[in-house]
Structure formats: structure tokens, C-alpha cells
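The numbers here are math on the coordinates, done by the rules we state, and not lab data. Quick caveat, the model's predicted, so the values are computed rather than measured. Ideal geometry is used to build each Cβ from the backbone, glycine not excepted, and the neighbour counts take in all protein chains shown.
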Amino acid sequence: MSELEITPIIGVEVHVELETKSKMFCGCPAWHFDTKPNSQTCPVCLGLPGALPVPNKAAIEQTIMIGLALGGEVADESKFDRKNYFYPDLPKGYQISQYDQPLCSEGELKLASGKVVGIERVHLEEDTGKLQHAEVEGRKVSLVDFNRSGVPLVEIVRKPDLASAEEAKEYLKKLKQVIVWLGVSKADMEKGQMRLEPTVNVKIKKNDTVYYTPLVEVKNINSFNFAAQAIEYEVERQVEEWEETGVVKNKGNKTTRGYDSVKKVTFVQRRKEEANDYRYFPEPDIPPLLFGDDQIAGLREKMPELPEEMKKKMLEVGVRNDYAEILLDDKQRLLKVLEMVERGVEEKVEVNKLVGMVINKNLVDFEIEKVIEEVKKESSKVFASEGQTKEWIIKAIRENPQAVVDYAKGKGTAVKFLMGQVMRLGKGQVDPKNLEEKMLEQLRG
Ligand code: ZN
Ligand code: MN
């Protein structure tokens, strides 16, 4: 028997809808949730012959800002391309996207561990319409709503160097943070504003020979947990499949799978088209996009402070790393916490006691003064003397003989029960520190 050395190769493509006023190439509103079907359309986003697309400047700027926030390079020259394929929700028969000259490339994102993960590209395209399967007059029909057709959609492609499903999840969470902090989208996954597509295959080493399993792309996942589950499932499934069939990756065997979050399995959707099946070519109705250094500098100035910079700030004022990571989830709360810390420092209150109280009590809307006062009160609390505490311990033991028997029988909860009795006797004056030790001392002695 020889051992298999298994290395998952994980990447993930993310699509994010921007919340611009108008759509990507026409003046229709981009906000399409809870709207009457097909009430926000025009010849451009319906793909009628002769209609001409005009790019949305705000969407281009926001995409560049995402790229800059991820430390990417902005292209001096970029362009749009046609990605040709047929689908009922795509009335033109092609999607205007970007092929070989994305707006941004080569970015990165830092995980909590400090590991830096690479981003291949950030490009801009348009969303499709939405299919609705319904029953009309007793017949099963598919209806199309084009309100979403032409909404600006940013695609962020990650380098396939994530080591695990957990890492993929963290990357996605951090990416969402950046987008939300920039204010370009709420990236609400339930609404479909942010859609995840993990790509997975596995490197298998056996007897010094290396094999790669066929690449799988899992489509349209709408939760971080499901993305992680799908990745874990795929790694296992692919190793099993390889052991059974020996089939390895080649140019033609990439597949697209869906994820069933109830059964927790992936299933085949279709064989994946290669890039050349889409017959990409430059969009002839839109001239190339050129950017000057001053334009990019102007966008940089417009950008708000980002999670990574805020985290640095928190660490500088002494906030614990794990607390800082939690606070990044809510920008408003974070700003308030920073304000509180500043005041707390003036009043000589320990930073992490303040932050700890906000996090442990899950305070969102809190009054800074009140938290400071509470922490002060707690830290200045005078506890009962050692001797007094010992008396309560002895009393608790005497009054609860059954608990002592339970303890002697090895029942761990008996000690906790007795400690609770001591706390009750002390009416809040017992220092919980070392109480268990003292209790055990009495019980053993
Ligand atoms: Zn339109
Ligand atoms: Mn795309």
C-alpha cells in the first residue's frame, strides 16, 4: 500500500451587484428588488436590435475602487468584450463583459492569521435577467423578468491558492467587508447581490507521481457556510472518483456543479464551456477605456478607511486581535468602540475590559459613558476576604451533603453546583477567581 498525499486546490469567483443609480449601459434604475416584473426596461437592456450601450461612469469608478481597496493594479487601458452564449435570460445572445483587459489585476487580501491571499482580477460586466418558473392557467411556464438585465456586476476572481474550506470562508467574509465598507453594495447574499462560485480540484501524489483531478466549478452559492461545505464535499468526492476511475484533469473535462444545501451534496449541472466556446471579441459599440494617473489618484482620495487600516488602528490602541476581528463586522459599532477606547484611556480604564464588555454583552447601540462606568464599577469592586469566603464554602458543603457524595462519586457538576451555592451565600461579594480551586481544596481536605 502506498500513501496518497492530497492537496486541495481551491479558488473562488465572486459576483457582486453594484448599487449604482442606473444600470450598466442604459438609464434604467439598477435597484430591481421588489419591483413589478419588466417595469424597468428599455431597448438597451432588452437587447433590441440597434440599441447602443453607454457605459456607466459610476460603476467603472466603483469597480476601480474595489480593485484599489484590494491592492490591485488599475489598467492604463481597458475595454469591454462580448461573451457569446445563448440563454433565455440574456436577450442579446451575449453578455458585455471583460476578457483580456480587466479594469484591475493582481490584488491581495490579508487573513486574520496574517496570510496574504492573491486576487487575479477584478472586472466589470452586466447581470442577466431572471427566470421565474410558474404555473399559468394550469400550464407550467417559464417567465422572464428583465429588471435585473444590465445591472452592473463586478466579478472578482481569486487565485487558486486557498488551502482549505475554512480559509475560503474567511477570504469571502473579508471580501464582503471591503465591499460593504466601500459603500458600493450591501452584498446581501439572500438577495443575490453577492454570489459565490468556488472552483475545486485536488493534487494527488502517489509513489512520486502527481495527478490532478478534473476541475469543478460550483455555481451560485448564497452563503459562506454553503461555500465551505461544497468545497469540503468536492475534495472528498474528487479523491474517491479518482481512486475509482483514475480520470485526471484535461482541457475538456471541466464541469459545473450545483450545491444542494439540504442534502449537503454537489450535483452535475453541465460540462463547462472553455473560454473559446464563448467566442469573446471586443465590444464594437464601446470605445476602449483610458485612465490617467490623476484620475486614479482622485479615486484613491475618495475612498473611505478600509477594514485593514482600521484593524491596524485598533491594535495600536491596544485592542486584542480577536476582538478587533469581531469588530470589523460592523463599521458603525467599530467607530463607536474606538471613540469609547479613547475616552477610556483618558480615564485610565483598561482597553480590553471596555471592548470585552461590548463584545461579550453583544452591545450594538450603547452609551459610551455607561459602559465606561460599568467597567469602572466592576474593576473597583471589593470582594469579601479570604476568610469570609472560606466560611461560605464550608457552609455550602455542610448544607449540601448530597453534592458532596456526588463529588466523591466523580460527578463533575457537583463542584459547579457547590460553587453556585457559595456565590448565593456571598450575595455578589465572592471573587469568582480561584473559587473552584478553593472549593476543591475544602472537598479534598
Ligand atoms: Zn434599460
Ligand atoms: Mn461573470
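Observations, loosely collected:
- Of the chymotrypsin sites (Phe, Trp or Tyr not before Pro) found in the range 78-130, those in coil by DSSP whose Cβ has at most 13 other Cβ atoms within 10 Å are 85, 86.
- Take each peptide in 150-163, 320-333, count the other Cβ atoms within 10 Å of every residue, and average; sorted highest first, the result is 150-163, 320-333.
- Among 75, 224, 160 the positive-end extreme of the charge dipole of the range 5-290 (Cβ point charges): 224
- Dipole of the range 5-290, positive direction: furthest Cα of 11, 177, 52, with charges on the beta-carbon: 52
- Computed packing ranks the peptides 178-186, 67-75, 129-137 as 67-75, 178-186, 129-137, most packed first, by mean other Cβ atoms within 10 Å.
- With the charge dipole of the chain set up from +1 on Lys and Arg Cβ and -1 on Asp and Glu Cβ about the Cα centre, the Cα lying farthest toward the positive end among the listed residues 88, 351, 26 is that of 351.
- Relative contact order, percent, the range 5-290 [alpha-carbon distance under 8 Å, six or more residues apart]: 24
- Dipole magnitude (debye, nearest 20) for the range 386-443, charges at Cβ of Lys, Arg, Asp, Glu: 180
- For the pair residue 315 and residue 51, the difference between a 0.36 nm per residue extended length and the Cα-Cα distance amounts to 89.7 nm.
- For the range 312-363 versus the range 8-37, the gap between their alpha-carbon centres in whole angstrom: 34
- Relative to the dominant Cα principal axis of the chain, helix 224-245 is inclined by about 70°.
- Computed log₁₀ I(q)/I(0) - Debye formula, equal Cα scatterers, no solvent, the chain, q 0.06, 0.11, 0.14 Å⁻¹: -0.41, -0.98, -1.29
- Test item: Cα-centred dipole of the chain, Lys/Arg +1 and Asp/Glu -1 on Cβ, debye: 1340
- Here's the list of aspartates and glutamates a cross-link from residue 186 could span, going by alpha-carbon distance under 13 Å and ignoring same-chain residues fewer than 8 apart: 17, 19, 329, 330.
- Rounded to the nearest 20 debye, the dipole magnitude of the range 156-312 is 240 debye, with +1 charges on Lys and Arg beta carbons, -1 on Asp and Glu beta carbons, and the Cα centre as origin.
- Helix 293-302 axis, angle to the chain major axis (alpha carbon atoms, nearest 10°): 40
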